[in-house]
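Trainee: I have a structure I would like to understand better, so I am pasting it below and will then ask my questions one at a time.
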Amino acid sequence: MLPLLFTGLFLLLWGLFYLTLPALRHGGRLAAAVVARNMRVHKVVTSAQDRFRAYIPIAVLIVAGAALTAWSGDAFLDLAERLHEQGGKLHFVDLYVHDAAVQQRTAGATAFFAAMSNIGGPPGVAAVLVVVAVVLFVKHRYRWLIYLAVTTGGGALLNLELKHHFARTRPDVAEMLRRAHGFSFPSGHAMGSTVAYGALAYLAVRALKSWKWKSAALAFAITFVAAVAASRVYLGVHWISDVGAGITAGTVWVAFTTVAYETLRRIRLLRELRRRAASHPA
């Protein structure tokens, strides 16, 4: 039942992304073109005006990335502020979801979520990243390799720092189906899988040509992260707020590094085009 549920989620997201992503990209290009066409720069030469127009897509990218980062960061801070409120809404939701998960356990669900937890844990994620890193190295995609290393390595260090800062205890050990050690907030599995598969989804979108497969990569990343996050609550090793915080913190980090990398990449391409144009004037 659970594999079918997550397969259905994947197919739903795949169809949604396949229908909307090309339209969003076209809308972004159209908006940038309209802004550039109607922009009036007084008392500057044409070359300066062209330079401003060329950097409009980069400005749009930075604004969109900043908005996503701010939204995710606000969600994380909201969870963090409610963390130590005894008897508050967050505490009630944590207990309610935890008790519901314990009561609904079955042999099939336990096997499925245990597998998702193992695959989405540090050893499983590390194995996937090593394979991808080797492929990138063989393909001489060194910039992608550096991006992947900085994003995933920085995300792991950030998770450790957040865990020690909040020092939240885990649910009752007696109700855990798997042993877990260390602090609880935010979930390392949820944050690690969000960062790793978010970065891999970005690289897949860059590498794949067809929108069908780009959409599939994004849908798979989200579905997998959802399955891993749910597994940690089901197994009784995390509160629901722990995995929610892990996803939001991971989204903040991967959005920040991806926007930074994409911005630098576009600036580098613009400079290269201008250098070539200057060396081969019409």
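The values are calculated or read from the model by the stated rules, or taken from the named source; none is laboratory data. Not measured: the values here are computed from a predicted model. All Cβ positions, glycine included, derive from the backbone under ideal geometry; neighbour counts span all protein chains shown.
Trainee: Would you pick out the residues in the stretch 230-278 that are modelled with pLDDT of 85 or more and among the hydroxyl-bearing types (Ser, Thr, Tyr)?
Mentor: SER231, TYR234, SER241, THR248, THR251, THR257, THR258, TYR261 - these are the residues of the stretch 230-278 that are modelled with pLDDT of 85 or more and among the hydroxyl-bearing types (Ser, Thr, Tyr).
Trainee: Could you grab me the full set of residues in the stretch 192-227 that are within 21 Å of GLY246 (Cα to Cα) and either assigned to a loop (DSSP other than H, G, I, E, B) or polar (S, T, N, Q) (or both)?
Mentor: Listed by number, the residues that qualify are SER193, THR194, THR223.
Trainee: Still on this structure: Just the residues that are in contact with a Leu (Cβ under 7 Å, 6 or more places away or on another chain), part of a loop (DSSP other than H, G, I, E, B) and among the hydrophobic types (A, V, I, L, M, F, W, C), please, taken from the stretch 228-247.
Mentor: LEU235
Trainee: While we're on this one: Please find, among PHE76, PHE92, the residue that is surrounded by 18 or more Cβ atoms within 10 Å (Cβ to Cβ) and either aromatic (Phe, Trp, Tyr) or in contact with a Cys (Cβ under 6 Å, 6 or more places away or on another chain) (or both).
Mentor: Just a single option satisfies the conditions, and that option is PHE76.
Trainee: A further question on this structure: Among the listed residues ALA149, ALA156, ALA174, ALA167, identify the single one that is modelled with pLDDT under 85, out of contact with any strand residue (DSSP E or B) (no Cβ under 6 Å at 6 or more places or on another chain), on the phi < 0 side of the Ramachandran plot and aliphatic (A, V, I, L, M).
Mentor: Just one listed residue meets the conditions, ALA174.
Let's see how each residue does on (1) farther than 18 Å from TYR202 by Cα; (2) touching a residue at least 12 places away in the same chain (Cβ under 8 Å); (3) over 24 Å from the mean Cα position of the chain (by Cα):
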| position | (1), (2), (3) |
| --- | --- |
| LEU83 | yes, yes, no |
| HIS91 | yes, no, yes |
| ASP94 | yes, yes, no |
| PRO122 | yes, yes, no |
| VAL125 | no, yes, no |
| LEU129 | no, yes, no |
| LEU136 | no, yes, no |
| ALA149 | no, yes, no |
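Trainee: I'd like the full set of residues that are loosely packed, with under 13 Cβ neighbours inside 10 Å and under 18 Å from TRP253 (Cβ atoms), limited to the stretch 123-159.
Mentor: Scanning the stretch 123-159 gives ILE146, GLY153, LEU157.
Trainee: Search the stretch 179-197 for residues that are more than 20 Å from PHE256 (Cα to Cα) and free of Cβ contacts under 8 Å to residues at least 24 places away in the same chain and pair each with any residue that is surrounded by fewer than 24 Cβ atoms within 10 Å (Cβ to Cβ) and of a type in the set (Phe, Trp, Tyr) when their beta-carbon atoms are under 9 Å apart and the residues are at least 6 apart or on different chains.
Mentor: PHE183/PHE166
Trainee: Does the stretch 71-99 hold any residues that are among the charged types (D, E, K, R) and either at pLDDT 75 or above or not in a helix (DSSP H, G or I) (or both), and which are they?
Mentor: ARG82, GLU85, LYS89, ASP94, ASP99
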